[in-house]
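The values are calculated or read from the model by the stated rules, or taken from the named source; none is laboratory data. As the structure is a computational prediction, the values presented were derived from the model and not from experiment. Here the Cβ is made from the backbone with ideal geometry for all residues, glycine too, and neighbour counts use every protein chain on show. Keep in mind that these areas ignore ligands, DNA and RNA; they rest on the heavy atoms of the full protein, side chains included. Shrake-Rupley method; radii C 1.70, N 1.55, O 1.52, S 1.80 Å.
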Amino acid sequence: MTPKGLARDTVVRAALELLDETGLDGLSMRRLAARLGVQNPALYWHFRDKQELLDEMARELLGPDMGGPRAGETWRGWLTRRAHRYRRTLLSHRDGARLVSGADPGLDVARAFERELATLVELGFTPAQGLHAIGAISHYTLGFVLNEQARRERAAGGDDPAAVYAREFPLTVAAVRQGGAPTSDDAFAYGLRLILDGVAARAPSAPEDQPEDQA
């Protein structure tokens with residue numbers, strides 16, 4: 001019997017709620033214990049240390065298996081949808097990208113990745129091509145959201161350099177007006193298209209198809 005019947009998944013859900021309130025820097029075992037109405041040792045019954053808790057939080061965030069392509073969906077359409085879903089997942093919690101970037105994804109995520117890689121091989125990619133295609137898209141998405149969430153935190157704290165940019169960097173302002181902010185949905189989709197164009201060029205054995213922007 002665990003202390004006071006406290007379940008491991010209850011701790012993880014409470015930790016994700018606390019993450020939204022305090023951010024990653026404000027998340028502590030002490031605060032989490034207070035939120036759950038227990039003493040600190042009750043948490044260490046489930047988790048050896050804070051990093052193990054963070055790992056489990058990241059696994060909970062990444063847990064849902066996206067699955068393979070839908071009926072009639074091309075590899076490009078599938079990877080586009082995958083990237084947009086990954087971005088939404090990271091954005092679903094404050095500092096979600098920071099949480100995931102420093103965590104051990106665990107065996108369940110590794111198994112899901114293996115299934116995705118097998119799907120790309122079935123679609124004509126070599127294992128190496130599939131590995132690097134998924135890796136490039138995942139790293140791009142994670143880095144994009146890291147920057148996106150950091151900018152949000154700065155803006156929430158009142159640190160917004162937009163006025164300075166307007167005065168000193170007219171070309172940057174014009175670019176934003178034309179194509180959206182560097183962390184906008186349009187900017188993410190544009191960068192993703194560039195990567196997928198490269199994947200198509202480097203994976204000649206995979207079936208050719210037309211670009212798709214959104215999922």
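Residues in region 58-74 that are open to solvent by less than 50 Å² (accessible area, probe 1.4 Å) and acidic (Asp, Glu): Glu73 alone.
Search region 83-95 for residues being free of Cβ contacts under 8 Å to residues at least 60 places away in the same chain and of a type outside the set (Ser, Thr, Tyr), and hand back the single one that is farthest from Glu153 (Cα to Cα). Full working, then the answer.
To start, the set of residues in region 83-95 that are free of Cβ contacts under 8 Å to residues at least 60 places away in the same chain comprises 86, 88-92.
From what's left, of a type outside the set (Ser, Thr, Tyr): 88, 90-91.
On the way: Arg88: 17, Leu90: 15, Leu91: 13 Å.
So, considering only residues that are free of Cβ contacts under 8 Å to residues at least 60 places away in the same chain and of a type outside the set (Ser, Thr, Tyr), the one farthest from Glu153 (Cα to Cα) is Arg88.
With the structure loaded, tell me whether Ala103 is assigned to a loop (DSSP other than H, G, I, E, B), touching a residue at least 12 places away in the same chain (Cβ under 8 Å) and not hydroxyl-bearing (Ser, Thr, Tyr) or whether it fails that test. For Ala103, the condition - assigned to a loop (DSSP other than H, G, I, E, B), touching a residue at least 12 places away in the same chain (Cβ under 8 Å) and not hydroxyl-bearing (Ser, Thr, Tyr) - is met.
In this structure, does Arg111 turn out to be assigned to a helix (DSSP H, G or I), surrounded by 13 or more Cβ atoms within 10 Å (Cβ to Cβ) and charged (D, E, K, R)? It would help to see each step written out before you state the result.
Values: assigned to a helix (DSSP H, G or I): yes; surrounded by 13 or more Cβ atoms within 10 Å (Cβ to Cβ): no; charged (D, E, K, R): yes.
Taking the combined requirement at face value, the residue does not satisfy it.
Rundown of residues vs (1) more than 25 Å from the chain's Cα centre (by Cα); (2) not hydrophobic (A, V, I, L, M, F, W, C), yes/no style:
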{"residue": "Val12", "(1), (2)": "no, no"}
{"residue": "Arg35", "(1), (2)": "yes, yes"}
{"residue": "Val38", "(1), (2)": "yes, no"}
{"residue": "Pro41", "(1), (2)": "yes, yes"}
{"residue": "Ala58", "(1), (2)": "no, no"}
{"residue": "Trp75", "(1), (2)": "no, no"}
{"residue": "Thr80", "(1), (2)": "no, yes"}
{"residue": "Ala83", "(1), (2)": "no, no"}
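Yes/no per residue for (1) surrounded by 20 or more Cβ atoms within 10 Å (Cβ to Cβ); (2) within 30 Å of Gly130 (Cβ to Cβ); (3) among the hydroxyl-bearing types (Ser, Thr, Tyr):
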position	(1), (2), (3)
Asp25	no, no, no
Tyr44	no, no, yes
Leu53	yes, no, no
Glu56	yes, yes, no
Gly77	yes, yes, no
